[in-house]
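The values are calculated or read from the model by the stated rules, or taken from the named source; none is laboratory data. Bear in mind the structure is a predicted one, so any value in this text is a computation, not a measurement. Cβ atoms come from the backbone with ideal geometry, glycine included; neighbour counts cover every protein chain shown. These area figures cover heavy atoms from the full protein model, side chains too; ligands, DNA and RNA do not enter into them. Shrake-Rupley method; radii C 1.70, N 1.55, O 1.52, S 1.80 Å.
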Amino acid sequence: MAITKITNIGENSGAGSRAAHLKNALKYIMNPKKTEGMTLVGSNCGTDPQECFERMMETKEIYGKTGGRQGYHIVISFKPGECNEETAMVIARDFCDQYLAGDYDYAFAVHNDQAHMHIHIVFNSVNRSNTLKYHYSNGDWEKSIQPITDELCRKYGLSILECDKSAPRVGRTYAEHMAEKNGKLTWTDIIQADIDFAISQTSTESDFMAFMKSMGYSIRIGHSGK
């Protein structure tokens, strides 16, 4: 069984490049310590984080679309012990082939440093075929993202995600995926994992706040009365 989550990679509002978060995301997913010395990575735009980043920026510059959302980050998390590195790599490549269809610059990596094997995919916000920017609409998770993951799980002999048919089928947070796969689901686990994920994707306090809000959190800055 695998659960898919997609988040956007916003524009850096602090000092430095507006695409700093995209660059950091590529470095994060292709970290040699998490990918067996980068043997568990793949891409259609480069062999390392810097090359992938430069190719993505070239695409943006060609079409004059360097502002706004810089990219998107997909995480596919497997049930602990159900998937090995080889199968995860094949699923990652097949997912990119089907969902991105060669229209977007992307890089993917398999991380095996947790109890649950997981895939990270970072792709450019600008379509290199028609100049348009990627647009995510409510319902896309149910209609076109999770179904690809389910199809690939069936293809390679893994179980699929079973949803409560009486409730709307919606995406869950990255933290909920992690907590459920490890057999625990407390609010503390969920919030802490989402905070850790947001920290890995941002470099300033304001961007961290924005990233947390993008995952559905309401943040109040101030002092407790206690």
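Laid out as a table, the results:
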read-out	value
In nm, spacing of pseudo-spin labels at residue 142 and residue 94 (7 Å Cα→C-beta vector)	2.5
Solvent accessible area, Å² - residue 106, 1.4 Å probe, full protein context	10
Formal net charge of residues neighbouring residue 12 (Cβ-Cβ distance under 15 Å; K, R +1; D, E -1)	+2
Length gained when the stretch residue 84-residue 217 is fully extended (0.36 nm per residue, less Cα-Cα span)	44.5 nm
Distance in nm between pseudo-label sites at residue 134 and residue 47 (7 Å out along the Cβ direction from Cα)	2.5
Centroid-to-centroid separation of the range 112-150 and the range 60-81 [C-alpha atoms, Å]	8
Student exercise, the range 1-152 dipole from Lys, Arg, Asp, Glu Cβ charges, in Debye to nearest 20	580
Relative contact order (%) - criterion: Cα under 8 Å, at least six apart; region: the range 1-99	43
Length gained when the stretch residue 27-residue 66 is fully extended (0.36 nm per residue, less Cα-Cα span)	12.1 nm
Greater than 28 Å apart at Cα, pairs in 65/155; 5/34; 33/65	65/155; 33/65
Residue 205-residue 103 pseudo-label distance in nm [points 7 Å out on the Cα-to-Cβ vector]	4.1
